[in-house]
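Here the structure comes first, spelled out in structure tokens, and everything after it is commentary.
Read-outs throughout are calculated quantities, based only on the coordinates presented, and are distinct from any laboratory measurement. Since the structure is predicted, the reported quantities are computational estimates derived from the model, not experimental observations. Here the Cβ is made from the backbone with ideal geometry for all residues, glycine too, and neighbour counts use every protein chain on show.
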Amino acid sequence: MMSPITTSEFSVCLLLSLLAPLAIAGMALMNAGLARSRSAAQSMMGALCLPAAAAIGYIACGFAWDELPGLPAHTFSVAGYVWDWLGAGPFFLHGLTYDVGRAPLAVLLQIFTVGIAAMIPWGAAAERWRLASATLTAALLGGLIYPLFGHWSWGGGWLASLGTNFGLGRGFIDAAGAGAIHVVGGIMALVVLLMVGPRRGKFQGDSIAAAIPGHNVVYVLFGSLLALLGWMGINGAAALLFLRVGLTALPLVIINTVLTASAALFAALLITRSRFGKPDASLGANGWFAGLVAGSAVAALAQPGLALLVGAVAGLMVPFLVEWFELSLKIDDPAGAISVHAGAGIWGLLAAGLFGSIPASAGMGAESGQFLAQCIGIAALLGGVLPVAYILLSLLDRLMPLRVDRDGDRMGMDLHELGAGAYPEFVVHSDEFIQR
Amino acid sequence: MKQIALFLLPAGLLLAVAAPVMLPSGAMRSLFVMAGLAVEVLGLVLLVRSDHVRKGSER
């Protein structure tokens, strides 16, 4: 049975959930600002289409497979244990009761969080991913891929039961979606990038990667500020809904959200200043986002000092990860989405196991073994979600190519896909001078 | 190479999940889970490498 929620918790959770779209807005500005001006309108169009498609996919079948603890689920038995692997609710929210309960709030929060997950690969594959196939990918993400892991961790699935079944802490804990939203989105970004390849002109033979600067760093930084509001809402609402922390814990959750982002920002700025002589604004924004992502895992579980430490490590990691993906792995990720969302998300999940003080309300089980439960959760993301995403997107790529054709590369996505540019009064684009 | 990579990813997961089922507790459990994660990282590296090899041959 689901535990009850009080009317005041319901009201606060409802209000916090309404802040979540600001995270999508922040990511939309970040993605558009980090792309070239000739693809800005398509980027913003995608920021409407992808969350919309993901929300429809989630309502159509996603919530049925996601579910909440105590609701019907598909299970099987191995070695004397019951493995709950997928929700078994009705499609299109059929039979959902709109009362003072957790289920309607979970749906409300997650129609926004699937949109956030969908925006992660959109930023990574900017300027060469077709809008139509990206929209279908978002629907697949909302309808199948996100709910799969969502059920394992938030829906009372086998990862959440690692504590009761095997004595691994309180089972896998994903406080506010560091795994279910951000690592899943980061994995989708990696899979999409493997399929669409780099932007034309990014890697020329074996030479070093060409720098293709974003067109508006003000968008990027303002987007970072907007995202903070969204994250405060999501972290607070998820802590109430999934960790059942109670209203009095909310100030700490929100303080920790701000602290992880702040520590990560300064860590990223310090690293870039020491390496390049001046702090880098876009990597600083990436650091800020990395702190928010890591904070999703620990904001409800750690004391402020530890939240600062977790954020600082996330901010330190990101500039190196971005460079490693680009220079060593030759993966062209203009938004740094894999580093920020998958990298910092995995770090946050590990940190929750290392430093988190898990509330007893989160589940049964012993205190020890939490770190191992977090490691198994990460293994499930890499070994379960990634192959499913790869196979589904390979099939989609055959039906509807993900990558734009050569004309799109040459003209930019705005003219090619939408027929008009974002800034028609601009005559000269600095990126036109990049050798192709 | 891609098929091997796609095989290694779930194989690592199975290894990590088998640890708490088959081993009672302690260091061996942790070792098995870490080994599972290492297999997955290997699979991930192979997946990225196979993609580069494919693109190189198409160039």
222 nm [θ] for chain A, helices only, -39500 (n - 2.57) per DSSP H run of 4+, per residue, to 500? -17500 deg cm²/dmol
At a Förster radius of 51 Å, what calculated FRET efficiency corresponds to the Cβ-Cβ distance of A:L93 and A:S274, to the nearest 0.05? 0.50
Output needed for the range A:129-225: three equivalent-ellipsoid semi-axes, defined as square roots of 5 times the C-alpha gyration tensor eigenvalues, in descending order, whole Å. 35, 17, 15
For every other residue with a beta carbon closer than 10 angstrom to the beta carbon of A:L159, add +1 if it is Lys or Arg and -1 if Asp or Glu, then tell me the sum. -2
Averaged across the residues of B:12-25, what count of C-beta atoms belonging to other chains lies within 10 Å of each residue's C-beta? 5
FRET efficiency, 1/(1 + (r/R0)^6) with R0 41 Å, evaluated for A:M411 and A:L108 via beta carbons: 0.55
Considering lysine pairs in the protein assembly as shown that are 8 or more places apart or on different chains, how many have Cα atoms under 19 Å apart? 5
If we count other beta carbons within 10 Å of each Cβ, what is the order of A:R406, A:R244, A:R36, fewest first? A:R406, A:R244, A:R36
Provide the percentage of antiparallel DSSP beta bridges, counting only those with both residues in the protein assembly as shown; round to the nearest 5. 90
Taking N as the number of residues in the range A:7-434, what value does Rg over Cα atoms divided by 2.2 N^0.38 Å take? 0.93
Just tell me how shielded A:380-391 is by partners: mean number of partner chain Cβ atoms within 10 Å of each residue's Cβ, no decimals. 6
Can you tell me the order of A:4-13, A:409-418 when each peptide is scored by its average per-residue count of other Cβ atoms within 10 angstrom, highest first? A:409-418, A:4-13
